[in-house]
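Here's the structure we're looking at; comments come further down.
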Amino acid sequence: MERIVVLNSDRSLLEEEEHRYDAGGAIHVVVDEAKLTLNQFLRQAAIELRGVRLNRADWSEDSHSLAFTLRSLRGRFLIHGMLNAYWEPLTFELPPRAAETQERWRRWIDTALQSPDDIRRLDESALIEQSTYVVQPRSLVFLAMCLQSARETVSDARR
């Protein structure tokens, strides 16, 4: 089982989160040492804009969809977002698995699903086996892929 723990630069939440999750399992630790503005984050982020087809963002006036893939600033996660503002379902092509991992995409958020399946913790989220994903009308989906093992992430945070 994996956990994601977000810490302030003073690492104040680590103790609280470790006690909360003392049932065992791996812990992903993210230390927010650099306080970035949104503008600074966007300049540093590796974001690829897409459409329903990979590498083909649709900027036309009648477009009702957008997709993007971004890598976390520290390179630990890939996130793929798909937004469908159309009144019919749209099938989006998914980026292939990252070369540096054997992980697959996991459905993190799908606003068309009923609770509790609409938002799941990554360690409980469904694996996506297909190379496409159907996004329901007027909804959004976020998929995530872990690029580093929990052990590497925890050791990075302790340095």
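Structure notes:
- Put simply, of W59, W87 the only residue that is over 18 Å from W105 (Cα atoms) and without any contact (Cβ under 8 Å) to a residue 24 or more places away in the chain is W59.
- Residue check for R107: farther than 16 Å from V52 by Cβ, part of a strand (DSSP E or B) and either in contact with a strand residue (DSSP E or B) (Cβ under 9 Å, 6 or more places away or on another chain) or modelled with pLDDT of 95 or more (or both): yes
- Here the range 30-74 is the region considered, the condition is being modelled with pLDDT of 80 or more, of a type in the set (S, T, Y) and more than 15 Å from A144 (Cβ to Cβ), and the residue that is surrounded by the fewest Cβ atoms within 10 Å (Cβ to Cβ) is S60.
- Positions within the range 46-55 being of a type in the set (A, V, I, L, M, F, W, C), over 20 Å from W87 (Cα atoms) and not in a strand (DSSP E or B), in sequence order: L54
- Matching residues, the range 56-72, being part of a loop (DSSP other than H, G, I, E, B) and more than 17 Å from F142 (Cβ to Cβ): A57, D58, W59, S60, E61, D62, S63, H64
- No other residue among F77, F92 is at pLDDT 75 or above, surrounded by 13 or more Cβ atoms within 10 Å (Cβ to Cβ) and touching a Ser or Thr at 6+ places or on another chain (Cβ under 7 Å) apart from F92.
- Applying the condition of being modelled with pLDDT of 90 or more and among the polar types (S, T, N, Q) to the range 125-159 and asking which residue is nearest to A98 (Cα to Cα) yields S131.
- Single residue of S125, S139, S131 found to be surrounded by fewer than 17 Cβ atoms within 10 Å (Cβ to Cβ) and either within 23 Å of R53 (Cα to Cα) or small (G, A, S) (or both): S131
The values are calculated or read from the model by the stated rules, or taken from the named source; none is laboratory data. Since we're looking at a predicted model, the values are computed, not measured. Positions of Cβ are backbone-derived with ideal geometry, glycine not excepted, and every protein chain shown enters the neighbour counts.
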